[in-house]
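Just so it is clear, none of the values below were taken in a lab; they were calculated from the coordinates. Just so it is clear, the model here is predicted, and its values are computed rather than measured. In this analysis, Cβ positions are derived from the backbone assuming ideal geometry, glycine residues included, and neighbour counts consider all displayed protein chains.
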Amino acid sequence: MMIKFAVIGDPVAHSLSPAMQNAALKKLNLDAEYFAVHVKAEGLKEFTECARRELAGFNITVPHKGAVIPFLDGISKEARVAGSVNTVTVESGRLYGDTTDGYGLEQALAEAFDFHVPNGRIAFIGCGGAAHAAAVWFASRGAAELFLLNRTLATAESLAEKIRREYGTSVHTCGLSEADKIPAFLKNADVAIQCTSLGLKPEDPAPFDLALLPDSIRVYDTIYKKTPIVRECKRRGIPCANGLAMLLHQGARSLEIWTRRKAPVETMRKALEAAYAKAAK
Ligand SMILES: NC(=O)c1ccc[n+]([C@@H]2O[C@H](COP(=O)([O-])OP(=O)(O)OC[C@H]3O[C@@H](n4cnc5c(N)ncnc54)[C@H](OP(=O)(O)O)[C@@H]3O)[C@@H](O)[C@H]2O)c1
């Protein structure tokens, strides 16, 4: 019988995941398919019940990464601390949640900058769901220090508190409006991750005055468009990369969790880049 996987979100039609996952399933010679399902918040319960019978696993994208948790039977420590699940495995009708966004970002940082998370000093610009997942993962991987910048300071502080309590990591916080503090704050970090949703729309402003960005930093933007911060880095010669490799590696890890086989990463990369180029046209 054909094995079925899915990605759910609202919206989800734009997702590049089916292209890369179907290329991988084919490469692995599996009689399987991966498709996108548009699920609204009020349909989550029904979807998860159906998934118990119909699917072998599914990915979750915006805005359901936290909302799906009450419908699961088990969850990894990192997903619980971050309050974010992007990968669910179905086994004997039971749903087990995990998060692979942090792993994907870790691999992307190694590829882009030869940067390694253990003992690293990492800043997050924005503290929404993606930053929660990645910061918690980095703490679990032995990051030396984390620097959390967010518009809503209370969100950064509550994440910092959780990470300190669970992992004992040194975590510092700063508000995006505290312009006088930002340069020194970012200078302490080896790499900064742009995790706000600013830049998704062409008219979006930068998250803060980019003149405050130190020359010594490297910037990874989780968005895979030319955001204001990416343009500024290119102009000033600051090493930077966009979020496509993060998407690739989080998906590769999901596939490995579901199939217990090594993901054909280069096949997935090729399919992802082709789908991205087609969507950008
Ligand atoms: N490449 C990948 O594989 C990958 C994976 C996951 C996510 N992402 C990207 O990561 C980004 C964030 O996703 P998410 O799930 O974390 O979203 P989210 O939970 O909605 O968080 C949004 C973040 O953006 C901040 N923000 C929104 N509008 C702002 C504004 N006008 N000024 C300053 N800050 C603002 C929010 O700050 P407040 O807390 O103050 O509201 C929050 O920190 C998205 O653009 C998404 O595309 C990429």
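Observations, loosely collected:
- Tilt relative to the chain, helix 129-140 - C-alpha long axis, 0 to 90 degrees, to 10: 80
- Distance cut-off 21 Å, percentage of C-alpha pairs in the stretch 102-242 lying past it: 34
- Note on residue 262: lysines with a C-alpha under 28 Å away, same-chain residues under 8 apart excluded, are 4, 26, 27, 65, 77, 270, 278.
- Karplus 3J(HN,Hα) series, Hz, for the stretch 47-52 with 6.51 cos²θ - 1.76 cosθ + 1.60 (x for Gly, Pro): 4, 5, 5, 5, 4, 4
- About the Cα centre, charge dipole magnitude for the stretch 102-242 (Lys/Arg +1, Asp/Glu -1 at Cβ), debye: 160
- Net charge contributed by nearby residues that have their C-beta within less than 13 Å of residue 133 (K/R +1, D/E -1): +2
- Options 72, 89, 2, ranked by Cα towards positive dipole end of the chain, top entry (Cβ charges): 2
- Along each principal axis, Cα extent of the chain, largest first, Å: 60, 42, 33
- Of the peptides 185-193, 232-240, the order by per-residue mean of other Cβ atoms within 10 Å, starting with the highest, comes out as 185-193, 232-240.
- Per-residue packing, averaged as other Cβ atoms within 10 Å, sorts the ranges 29-42, 92-105, 164-177 into the order 92-105, 164-177, 29-42, beginning with the highest.
- When you count the other C-beta atoms within 10 angstrom of each residue and take the mean per peptide, 19-26, 6-13, 256-263 line up highest first as 19-26, 6-13, 256-263.
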